[in-house]
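*Asks:* Following this message is one structure expressed as structure tokens.
The values are calculated or read from the model by the stated rules, or taken from the named source; none is laboratory data. Keep in mind it's a predicted model, so treat the numbers as computed, not measured. Neighbour counts run over all protein chains shown; Cβ positions are idealised from the backbone, glycine included.
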Amino acid sequence: MEYLPEDPLLKFHPDTLHYVRKTYKLDHAESMAKAIDTLDAWVKKQDHFIKKDYNRDYLERTIIRAEGSVEYAKEHLEKLCKSRKLVPRFFLTGDFGTPLLADKEDVFLPKLTKDYYRVYLAQNKIQDYKPEMNDAYYKRLIYMLEYICAHDYSCGFIWVYDFRQTNMSQFLKYLDKTDLGHCFNIILNAYSFKLKGIHIITTSNLVDTFVSMLKEVVNKEVRERIHVLKDVEELYDHVDRHILPEEYDGQETSMSELYHKWVDILGSKDYNKYMEDMNKAKTKD
């Protein structure tokens, strides 16, 4: 990869490719090419892998998320293939923009932070929860994670949950800790997302229950990066204000507009076809 192509959903700093590669000591073209060659050759030798035809850009981004380690990249690809077998209902295709989640809009913000991190922002306004909502959310999130794996280039991620308008009692009633664990295992260990922080905006006392569940399913490093914020003002201490949507007094377009851009692209026939192909990446029985 000689440059980062323009993307309809994600933007980059002009020097993103060089900066991120340099962070992991892969800023020389021959170093990255060698790392990709090594990972590609390893994939092709895995007889238990059903899918072996990853493109080089995908493999490069896998190495970047593994902090430049080809060995870690191998482990993460293996775990991702196994995850598709372990929780197949998270990896079902179709219906990205389901009306079931009309009151829960989540996006990866277009602009990177000044230190080259990508922000995931989930704005949850659901009042009347239904049991099937969580599976629908996990499936939608997987769609987004796959897009990030194929198109993004960053030093890591910042997770933001906005629960200010959520019925926390209903949310917790239907939240299954095992599924939450599967979700974060996929995020952290299969997709190898490096989380700089998890920020939860709410004044509800019930958030302590959610935080306790979350801390049980993530590692010690991530546990120490979980923060509960009383308002948006506190979020500015962790995320550059100007990259946030206008509802958060940022300079980005509205959350709704951003979300519907994701729906248009990830809900398309072409992207569903792409997901069907990626979901073949499993281990054999």
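*Asks:* What tally of residues in segment 77-118 results from selecting those that are at pLDDT below 95 and within 18 Å of ARG61 (Cβ to Cβ)?
*Replies:* Number satisfying all stated conditions: 0.
*Asks:* Six or more apart or on different chains, Cβ atoms under 6 Å: show the pairs whose first residue is in segment 64-86 and more than 23 Å from ALA33 (Cα to Cα) and whose second is outside any helix (DSSP H, G or I) and hydrophobic (A, V, I, L, M, F, W, C).
*Replies:* Listed pairs, sorted by first residue: CYS81/ALA281.
*Asks:* On the basis of being surrounded by fewer than 20 Cβ atoms within 10 Å (Cβ to Cβ) and either among the aromatic types (Phe, Trp, Tyr) or within 17 Å of the chain's Cα centre (by Cα) (or both), does ASP128 make the cut?
*Replies:* Answer is no for this residue.
*Asks:* Another one. Being surrounded by 14 or more Cβ atoms within 10 Å (Cβ to Cβ) and either closer than 23 Å to TYR137 by Cβ or not aromatic (Phe, Trp, Tyr) (or both) is the filter here; which residues of segment 231-240 pass it?
*Replies:* VAL232, LEU235, HIS238, VAL239, ASP240
Results for (1) of a type outside the set (S, T, N, Q); (2) within 26 Å of SER169 (Cβ to Cβ), shown as yes or no for each residue.
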residue: LYS215; (1), (2): yes, yes
residue: VAL218; (1), (2): yes, yes
residue: ARG223; (1), (2): yes, yes
residue: MET255; (1), (2): yes, yes
residue: LYS269; (1), (2): yes, no
residue: LYS280; (1), (2): yes, no
residue: THR283; (1), (2): no, no
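*Asks:* I'd like the full set of residues that are of a type in the set (A, V, I, L, M), surrounded by 15 or more Cβ atoms within 10 Å (Cβ to Cβ) and not in a loop (DSSP other than H, G, I, E, B), limited to segment 6-58.
*Replies:* Those that are of a type in the set (A, V, I, L, M), surrounded by 15 or more Cβ atoms within 10 Å (Cβ to Cβ) and not in a loop (DSSP other than H, G, I, E, B): LEU17, VAL20, MET32, ALA35, ILE36, LEU39, VAL43.
*Asks:* Restricting attention to segment 172-185, and to residues there that are touching a Leu at 6+ places or on another chain (Cβ under 8 Å) and closer than 18 Å to ILE226 by Cβ, which single residue is surrounded by the fewest Cβ atoms within 10 Å (Cβ to Cβ)?
*Replies:* The residue in question is LEU172.
*Asks:* From the residues in segment 197-230 that are assigned to a loop (DSSP other than H, G, I, E, B), polar (S, T, N, Q) and surrounded by fewer than 19 Cβ atoms within 10 Å (Cβ to Cβ), which one is farthest from the chain's Cα centre (by Cα)?
*Replies:* Residue satisfying both the conditions and the ranking: ASN205.
*Asks:* Separate question: Which of (1) out of contact with any Asp or Glu (no Cβ under 9 Å at 6 or more places or on another chain); (2) farther than 18 Å from GLU146 by Cα; (3) of a type in the set (Phe, Trp, Tyr) is the odd one out, the single condition TYR19 does not satisfy?
*Replies:* The failed condition is (1).
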